[in-house]
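Input: a single structure, listed below in structure tokens.
The values are calculated or read from the model by the stated rules, or taken from the named source; none is laboratory data. Predicted model only: the values in this text are computed from it and were never measured. Quick reminder, even Gly has a Cβ in these numbers, built from the backbone with ideal geometry, and neighbours come from all protein chains shown. Side chains included, ligands, DNA and RNA excluded: accessible areas come from the protein's heavy atoms. Shrake-Rupley method; radii C 1.70, N 1.55, O 1.52, S 1.80 Å.
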Amino acid sequence: MQQQEAAGQAPRTSLHGHWSSRLAFILAVTGSAVGLGNIWKFPYLAGQNGGGAFVLVYLLCVFVIGMPVMMSEILIGRRGRRNPVATMALLGEEEGHSRRWQWVGAMAVVTGLFILSYYSVVAGWTLAYVQKSMSGVFVGASPAQVSAVFESFTGSWAQVGIAHTLFMAVTIFVVARGVERGLEQAVKFMVPALILLMLILLGYSINSGSFGLGFKFMFSPNFAALSWDGVLAAMGQAFFTLSLGMGAVMAYGAYLPEETSITSTSAVVILADTAIAILAGLVIFPLVFANGLNPSEGPGLVFDTLPLAFGQMRGGVFFATIFFVLLAFAAWTSALGLMEPAVAWLVEHSHRTRAQAAVMVGGLVWSVGFGTVLSFNALSGFRLLRGTIYDNLDYITSNVMLPLGGLLITIFAAWVMCRNSSADELGGAGAIFKSWRFLARYVAPVAIAFIFLRAVGVLG
Ligand code: PHE
């Protein structure tokens, strides 16, 4: 297959099929981008780091770093049209460098699997919280009662394990069905549903009586509360939320039709992802303020603080259920992106069908996931380097592997690929191309390297 597709011949096609339209691709990348990172992580990070000031820095990072890196990933993916490992090998060679660039692709694929192993566990919590919200357990509950619900649930490895298993099963199911019948069908339904649910919740929060307070918290910058660490957190979050640095966007780019504009598509996805993160903040903070709760609660904001807020309000059972369904959908479409690179790789490198590959990759991730499941109960006392197994996985993937992957991918697109190749993918060497190249050659790598070095402790 490789010889047939040597450079300069008929346009390459992907073995896995293609998105049926530009919209399908936009929905797929948006689905991958919008996840627990937007609805669970972004509001708590903003809450801890001065609200508006954090939001401002985050926006800057999304557009200045996120946009050029996303364009780099898509253009590499579409040019290679294979899984990230094979694409990096092929282009490395074709651009007169080395096939060894495949190791960057390999690292990206492995990063995705590690992230999915713990992402699926937290996603399982959201499934369990759909059921808990429906049961009415939060109605009128005290803070201690809400916390007890969370602790008794996460304390039971069997309950967390079942939820994780269920979430992996539905993810495997969709990926097994393929690009058009699986991924595309799922995102076509779930991404619009997610936006609709978000708007319903926004209506609810506008009526909470404290919308103004929440709005002000999100948009009036309090720079005193933003530390240097907060700036770094904003950069890291921009990266994580756009699913960059681990080959998801590259794999999805491989299925992108030739004529679609990479620049405008990236812009739409980034705007949609950012809008949803902001809307999540505008849903969550008014509810938090309406109930006199603490916005800088941290990671417990969604599972601890929010059910408490819903429990005190009229219609709380209904809206809490909607909220956790929304979160589960968001996590589901992200999980597809986390799994696709490895499945595409296995299909291309073995004679297995996609369904077999999805079950094998999913089974592996599922078993690794038990490291995280047990981190909250049986093995919570087991500490290594950064803490529990989950703490280590989270730290290594988010702070080391994603920045490193993103940095190398961007360097490849902007420094290793020749100008003509990237200009070709970006629709010619006009002003847009020149701005991309400037950002991708200088601004993004320096900024990412900075986060990375800071995260691993080299820059204090
Ligand atoms: N972007 C997703 C989120 O915000 C997480 C993710 C990272 C998904 C990398 C796919 C790849 O939750």
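Quick check on Ser422: is it under 28 Å from Leu60 (Cα atoms) and outside any loop (DSSP other than H, G, I, E, B)? It would help to see each step written out before you state the result.
Working: under 28 Å from Leu60 (Cα atoms): yes; outside any loop (DSSP other than H, G, I, E, B): yes.
Criteria met by Ser422.
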Consider Pro257 carefully, then state whether it is away from the ligand (no atom under 16 Å from the Cβ) and within 30 Å of Ala440 (Cα to Cα).
yes
Would you confirm whether or not region 44-60 contains a residue that is over 23 Å from Ala440 (Cα atoms) and within 11 Å of the ligand (Cβ to nearest atom)?
no
Mind checking which residues of region 381-416 are in contact with a helix residue (DSSP H, G or I) (Cβ under 8 Å, 6 or more places away or on another chain), hydroxyl-bearing (Ser, Thr, Tyr) and modelled with pLDDT under 90?
Thr388, Tyr390, Thr397, Ser398
Every residue in region 231-249 that is within 11 Å of the ligand (Cβ to nearest atom), in a helix (DSSP H, G or I) and either open to solvent by 20 Å² or more (accessible area, probe 1.4 Å) or more than 15 Å from Ile270 (Cβ to Cβ) (or both), please.
Phe240
Looking only at region 280-288, decide whether some residue is in contact (Cβ under 8 Å) with a residue 24 or more places away in the chain, closer than 19 Å to Ala144 by Cα and either part of a helix (DSSP H, G or I) or of a type outside the set (Val, Ile, Thr) (or both).
yes
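Among the residues in region 306-322, are any open to solvent by less than 30 Å² (accessible area, probe 1.4 Å) and either acidic (Asp, Glu) or outside any helix (DSSP H, G or I) (or both)?
Filtering region 306-322 down to residues open to solvent by less than 30 Å² (accessible area, probe 1.4 Å) leaves 306-311, 316, 320-322.
Still in the list and also either acidic (Asp, Glu) or outside any helix (DSSP H, G or I) (or both): none.
No, every residue in region 306-322 fails to be open to solvent by less than 30 Å² (accessible area, probe 1.4 Å) and either acidic (Asp, Glu) or outside any helix (DSSP H, G or I) (or both).
Suppose we filter Ile432, Ile411 for residues that are touching a Ser or Thr at 6+ places or on another chain (Cβ under 6 Å) and away from the ligand (no atom under 16 Å from the Cβ); which single one remains? Spell out the reasoning first.
Values: Ile411 fails: touching a Ser or Thr at 6+ places or on another chain (Cβ under 6 Å).
Result of the check over Ile432, Ile411: Ile432.
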Going by the conditions given, is Gly182 crowded, with 18+ Cβ neighbours inside 10 Å, of a type in the set (Gly, Ala, Ser) and modelled with pLDDT of 95 or more?
no
Checking the structure you have, find out if any residue of region 284-301 is hydroxyl-bearing (Ser, Thr, Tyr), open to solvent by 10 Å² or more (accessible area, probe 1.4 Å) and within 30 Å of Phe138 (Cβ to Cβ).
yes
The condition from (1) under 28 Å from Ala169 (Cα atoms); (2) open to solvent by 40 Å² or more (accessible area, probe 1.4 Å); (3) of a type in the set (A, V, I, L, M, F, W, C) that Ala342 misses is numbered (2)
Mind counting the residues in region 162-176 that are touching a Phe, Trp or Tyr at 6+ places or on another chain (Cβ under 7 Å) and of a type in the set (A, V, I, L, M, F, W, C)?
3
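Results for (1) hydroxyl-bearing (Ser, Thr, Tyr); (2) touching a Leu at 6+ places or on another chain (Cβ under 9 Å), shown as yes or no for each residue.
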residue: Thr397; (1), (2): yes, no
residue: Leu407; (1), (2): no, no
residue: Gly427; (1), (2): no, no
residue: Trp436; (1), (2): no, yes
Exactly one condition in (1) at pLDDT below 90; (2) closer than 20 Å to His164 by Cα; (3) surrounded by 20 or more Cβ atoms within 10 Å (Cβ to Cβ) is false for Gly371; which is it?
(3)
Suppose we filter Leu60, Leu75, Leu90 for residues that are part of a helix (DSSP H, G or I), more than 30 Å from Asn420 (Cβ to Cβ) and either among the hydrophobic types (A, V, I, L, M, F, W, C) or open to solvent by 30 Å² or more (accessible area, probe 1.4 Å) (or both); which single one remains?
Leu60
Taking Ile270 and the conditions (1) under 28 Å from Val109 (Cα atoms); (2) in a loop (DSSP other than H, G, I, E, B); (3) open to solvent by less than 20 Å² (accessible area, probe 1.4 Å), which numbered condition does it fall short on, given that it satisfies the others?
(2)
Within region 94-134, tally of residues that are over 17 Å from Ile389 (Cα atoms), open to solvent by 10 Å² or more (accessible area, probe 1.4 Å), assigned to a helix (DSSP H, G or I) and of a type outside the set (A, V, I, L, M)
9
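Working carefully through the options Phe412, Phe382, Phe438, Phe433, find the one that is open to solvent by 50 Å² or more (accessible area, probe 1.4 Å) and either in a helix (DSSP H, G or I) or touching a residue at least 60 places away in the same chain (Cβ under 8 Å) (or both).
Numbers: Phe412 fails: open to solvent by 50 Å² or more (accessible area, probe 1.4 Å); Phe382 fails: either in a helix (DSSP H, G or I) or touching a residue at least 60 places away in the same chain (Cβ under 8 Å) (or both); Phe433 fails: open to solvent by 50 Å² or more (accessible area, probe 1.4 Å).
Testing whether each residue is open to solvent by 50 Å² or more (accessible area, probe 1.4 Å) and either in a helix (DSSP H, G or I) or touching a residue at least 60 places away in the same chain (Cβ under 8 Å) (or both) leaves just Phe438.
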